[in-house]
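The structure appears below as structure tokens.
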Amino acid sequence: MVQQNRLGHALLFLGKEGSGALPMALAFAQYLVCENANENNDSCGTCSSCVKAGKLIHPDIHYSYPVITSKEFDKPISTNFIVKWREFIEKQPYGNLYDWLQFIEAENKQGNISRNECDEISKKMSLKSFESRYKMLIMWMPEMLGDQGNKLLKLIEEPPADTLFILVAENDKLILPTILSRTQLIKFAPLNKKDIAVALEKNEGLTAQKAEVVAAVSDGNYREALLQIQHSEDDWESMLRSWMNAILKGGPVAQVQWIDEMSKLGREKQKQFLKYFIHLIENAIKISVVGVSDNAENTEKQQALNDFALRLNKLCGIEQLEAIVKEIDLSSYHIERNANAKILFHALTIKIYHIISNKSVILIN
Ligand SMILES: [Zn+2]
């Protein structure tokens, strides 16, 4: 767009959580202010404009994001939280709104982009640019802009010359239609597994094998992938093995012991564990349909996955596996909504036992 001189003045970067729309918006803004961009097709990363953009202190790049009221600020604008914002971007560029609100200790408060912030934006964007040709506003989560956003319509529609709005959103259905219709939509697909695996290897120091496994269960969501590694020490594999043993051979005592252990782990880990299990079952279903691919490049990890799948396939047919996935999905849903973990895993254990041992599908709702 830049090279062909087709740059609109209001862009909407739309991408689901973890797709990298915000890091891309930041990189794009940096590219626009870079002094050597024409030579490179990318920002150089070293000129003084790039350095300032990278630190989020470039005077021509402004930011709007949801904030909360506090003791210090009863009519907060985004700039009140700029120090925190810079820190957040450095630490969690793939974070979501929840992460941000945690980061500024919002507790139960909902963030929003307020009327005051809209006035502030109008003021900022009517200034002349200081150092670069463009003057930009990156607005993150325009979903949190209520009717007050209508104050910005005229500005977005007929901005001063060389003014650029970059809106970064996850869900276009929650954006004011009046704003939405004035932007040029640029969609971001979820990241592909390969890119996630490469990034995990490079940035997080994972082995290629581990990176591949994490990437496979992250649904193209880099935030999710990073969450998965936080729990990488947890040996989901042995946790799963002991659960299956307790269900199939151990009886009630072993089951209760396992349930106790699992319920101590906390919601986030419980969800990760269930996700891991679903991933294995999906692999088992695939194998029962198309067989094991006889691939010399199969990693050790993949072979372990396949072994597990073959054993699972001896125990259950596809219908049973699907019934288990359904139950696990439902459990994940309830965990997210604060269900009691002990009762939940107890029920799930009993259901899986019945699904596997009766060789018929019994669903207890
Ligand atoms: Zn540069």
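A few notes on this one:
- In region 154-174, the residues that are at positive phi reach residues that are outside any strand (DSSP E or B) with C-beta atoms within less than 6 angstrom, at least six apart or across chains, in these pairs: Asp162/Arg133; Asp162/Tyr134.
- The set of residues in region 56-84 being touching a residue at least 60 places away in the same chain (Cβ under 8 Å) and within 15 Å of the ligand (Cβ to nearest atom) consists of His58, Asp60, Ile61.
- Sole residue being in contact with a His (Cβ under 8 Å, 6 or more places away or on another chain), surrounded by 14 or more Cβ atoms within 10 Å (Cβ to Cβ), assigned to a helix (DSSP H, G or I) and modelled with pLDDT of 90 or more, chosen from Ile138, Ile121: Ile121
- Index of the failed condition, Lys173 passing every other in (1) assigned by TED's automatic domain parsing to the domain that holds Leu14; (2) more than 22 Å from the chain's Cα centre (by Cα): (2)
- Among the residues of region 298-347, those identified as charged (D, E, K, R) and either part of a loop (DSSP other than H, G, I, E, B) or surrounded by 14 or more Cβ atoms within 10 Å (Cβ to Cβ) (or both) are Lys301, Glu322, Lys326, Glu327, Arg337, Lys342.
- Number of the condition not met by Ala10 [criteria: (1) modelled with pLDDT under 95; (2) in contact with a Leu (Cβ under 9 Å, 6 or more places away or on another chain)]: (1)
- Top-ranked residue of region 27-55 - restricted to ones that are buried (at least 21 other Cβ atoms within 10 Å of the Cβ) and of a type in the set (A, V, I, L, M), ranked as nearest to Trp140 (Cα to Cα): Ala29
- Residue in region 94-111 that is modelled with the lowest pLDDT, counting only those that are aliphatic (A, V, I, L, M) and in contact with a strand residue (DSSP E or B) (Cβ under 9 Å, 6 or more places away or on another chain): Ala106
- Residues in region 34-50 that are more than 7 Å from the ligand (Cβ to nearest atom) and either at positive phi or in contact with a His (Cβ under 6 Å, 6 or more places away or on another chain) (or both): Asn41 alone.
Yes/no matrix, rows are residues, columns are (1) surrounded by fewer than 20 Cβ atoms within 10 Å (Cβ to Cβ); (2) under 23 Å from Ala309 (Cα atoms):
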residue	(1), (2)
Leu185	yes, no
Gln209	yes, yes
Val217	yes, yes
Tyr222	no, no
Leu226	no, no
Glu237	yes, yes
Asn245	yes, yes
Lys264	yes, no
Ala284	no, yes
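- Residue check, Glu87 without any contact (Cβ under 8 Å) to a residue 40 or more places away in the chain, at positive phi and not basic (Lys, Arg): no
- Just one of the listed residues (Gln228, Gln184, Gln209) is more than 30 Å from Lys351 (Cβ to Cβ) and modelled with pLDDT under 90, and it is Gln209.
- Residue in region 181-197 that is in a helix (DSSP H, G or I), among the hydrophobic types (A, V, I, L, M, F, W, C) and in contact with an Asp or Glu (Cβ under 6 Å, 6 or more places away or on another chain) present: yes
- Candidates Ala53, Ala25, Ala10 - the one that is among the hydrophobic types (A, V, I, L, M, F, W, C) and within 16 Å of the ligand (Cβ to nearest atom): Ala53
- Residue match in region 91-103 (condition: free of Cβ contacts under 8 Å to residues at least 24 places away in the same chain, within 16 Å of the ligand (Cβ to nearest atom) and touching a Phe, Trp or Tyr at 6+ places or on another chain (Cβ under 6 Å)): no
The values are calculated or read from the model by the stated rules, or taken from the named source; none is laboratory data. None of these values were measured; they are calculated from a predicted model. Reconstructed Cβ throughout: ideal geometry from the backbone, glycine too, with neighbour counts over all protein chains shown.
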